[in-house]
Amino acid sequence: MNKTLTIAQWELRRGLKSKAFIVSVFMPFIILLISIVPSILAFSGDIEAKDMGIIDQGNGIYEEVSQHLNKQITTDDSEGIYTIQEYETTSENHDTLIQTLIKDNIASIVIVIQPDFMQNAEIQIYHNNDVGLEEISELKGTIRQYSMEKRIVALGLTKEDMDYVLERPDVTIYEIGQSGNAVRSNLIVRYGVPGVFLWLLVMGIVMSSSMLISGVIEERSNRIIEILMSSIKSNELMAGKIIGIGMLGVIQITIYLVIIFIFSIYGGTMLNIDLSPADVFTPNILWYFLYFIMGYFMYAAVYVSLGSLFDNEREAQQSVGFLSLFAILPIMLIQPIIMNPDTPLTGILSFIPLTTPFMMILKIGILSAPLWEILLMMLYLLAWIAGITWAGSKIFRTTLLMYGKRATLKEIIQWIRS
Amino acid sequence: MLKIDHINKAFTGVKAVDDISLDIPVGEVFGFLGPNGAGKTTTLRMIMDIIQPDSGLITIDGEPSTTCDHKRIGYLPEERGIYQKAKVRDVVEYFGKLKSIPQSEVKERANYWFSRLKIEELADKKVAELSKGNQQKVQFIIAVINDPILMILDEPFTGLDPVNQKILQDVIKDFKAQEHTIILSTHQMAKVEENCDSMCLIHKGKIITMGKTKDIMEKHGGSLDKAFIELIGDSDE
């Protein structure tokens, strides 16, 4: 046992020092940032002052529209953003005039209010490159509101009547679990938290796969394995490696939990959502934590076992790298699983050991899996990890000194049986 | 100390070791010779329980090699390698711990060997920064850090300059003086003549000759080179 722990300690230290581990810890957050930040940036810039042209095709509402726009879309000092000018066109010069206004920078935006606006509510917005998505969206909203107000007044109602009609109902959702108590349902906790754990586990495994394989390959290709095997039994070596690499997973998830904790304190205010540490750190987090670690152990066992079959990393990645697709599978299927949680697919994936940890995280969060199932599936997964470690040590022992010859599936099965 | 009793090993039908028996007493330096592919490394790996014989028994101090504790056996394999990115000191201490040397002692022993093999200034460097010869010295330290009572050295002198070969030879002599048993596998006949009390020559997995080194030399005109050529040549005919 001491030797196993010495191996585990060595693997852990090597892992912590490797760039691959550092990348695998922070990459999920970097990817999240890369996917979120540009959209945040696109919608967070202040709208700059611009010249605007309005072509009102006979509705007589130019004054009202321009006042409405400058009342709704303002600077921090409540000043209207747009310097608005009215233009008139004929059917002959309509297109040319709009083009000239935009091309010669006379106006950045030209709004064409179609004839019979009160009936068909049609407008067109032309703009140059300075106008972003957020500004367009705000212009559309403002004009939509103007149109609605006009119609409400035309029907003989007041603006207050309109607010009354359009008021959204305040819906509170309660969930009654197996305990029979009604608990206020928080969609972020129910779907978001397991979703985040799933994402972190998938990314952790995909990013670490090369590190998991390369450790074994280095020992084989550098012929270190022969010295190791002269001091330690193959099953002790395998167990030590898996424990060491698994401990990396524990450190990884602990770092994630700290980040999630900090986010749960400040994220709610930042993103204006209903979120607090108490929402995130429910008893379920313990199960997510344990399944995350077991998922990591599972993939460590598989990659360490199979890594011993190859002489170099490239060959190994090409041959067994596809296994990390199993980790991505539940992410790809997350929508159908959420929409229809009782689908047989959920059951099948729960029993494929490479997808069990992911599916259980989803089932615990979304389906409120019962305690007996959570514990039973843990034992199921542990049995697989032990079985793979045992079979892996048999493969390892036979293949460690086989160079330049690829083992066939038949041979591998024979070694495991022997 | 080491008893090998009729061991056999075949790989995909080809016999690598064919009914080899040896009895090496305590405190002997034993030369294990043979041409390339004779079955030397396979035999040494079986002694170390890295691979298992198809039949036959190997015992170390009366205990089967499959169950005995390897903490007092040192092994320098022919095909060598160490973790390139790790520091020399860390690697040596790691393998020392795997040989069950207590944490409190392993550092002290490592320092002794760094100093003895004259690489103390390299101890905190990464292995990849060392020359091939110095890397080989580190591997030698890994083989001896546990103060082995049985030491198996497969081509220990390859790649070393004469000065370092002399350092290694002195270490071997010291171990012998302390009644430790050493198996020395090498193609350098002069080293066998100089160091080994007895020896055996194997070819195609079989023992061709075995006995006291000086007796074998006498039989073949006072030179092991001659003995090697004559015996292997005869065997091939």
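Coordinate-derived values only; no laboratory data. Note that this is a predicted model, so its numbers are computed, not measured. A quick note on method: Cβ atoms are made from the backbone with ideal geometry, for glycine too, and the neighbour counts reach across all protein chains shown.
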Seminar exercise, completed: Cβ-Cβ cut-off under 14 Å around B:GLN188, Lys and Arg +1, Asp and Glu -1: the net charge is -4
Problem set entry | Peptide A:3-10 - average C-beta neighbours from other chains (10 Å radius) | 4
For this session: Rounded to the nearest Å, what's the spacing between the alpha carbon centres of segment A:130-177 and segment A:292-331? Just the number, please.
Result: 52
For this session: Could you work out how far helix B:162-177 tilts from the main Cα principal axis of chain B, as a 0 to 90 degree angle to the nearest 10?
Result: 80
Seminar exercise, completed: Beyond 25 Å (Cα-Cα) in this structure, taken from A:LYS19/A:LYS394; A:LYS17/B:LYS125; B:LYS137/B:LYS204; B:LYS176/B:LYS212; A:LYS410/B:LYS15, we find A:LYS19/A:LYS394; B:LYS137/B:LYS204
Problem set entry | Theoretical ellipticity at 222 nm over the protein assembly as shown - DSSP helices of four or more residues, -39500 (n - 2.57) apiece, nearest 500 | -18000 deg cm²/dmol
Exercise. When Rg is the radius of gyration of the Cα atoms in segment A:74-149 and Rh is its Kirkwood radius, what does Rg/Rh come to?
Worked result: 0.97
Problem set entry | Average other protein chain Cβ within 10 Å of Cβ, residues A:353-359 | 0
Problem set entry | nm² value of the averaged projected area, convex hull over the Cα atoms of segment B:122-225 | 8.0
Exercise. Where in chain A are the DSSP H helices whose alpha-carbon span along the long axis reaches 27 Å or more and whose Kyte-Doolittle mean is at least 1.6?
Worked result: A:19-42
For this session: Starting from the alpha-carbon convex hull of chain A, give the projected area averaged over all orientations, in nm².
Result: 30.3
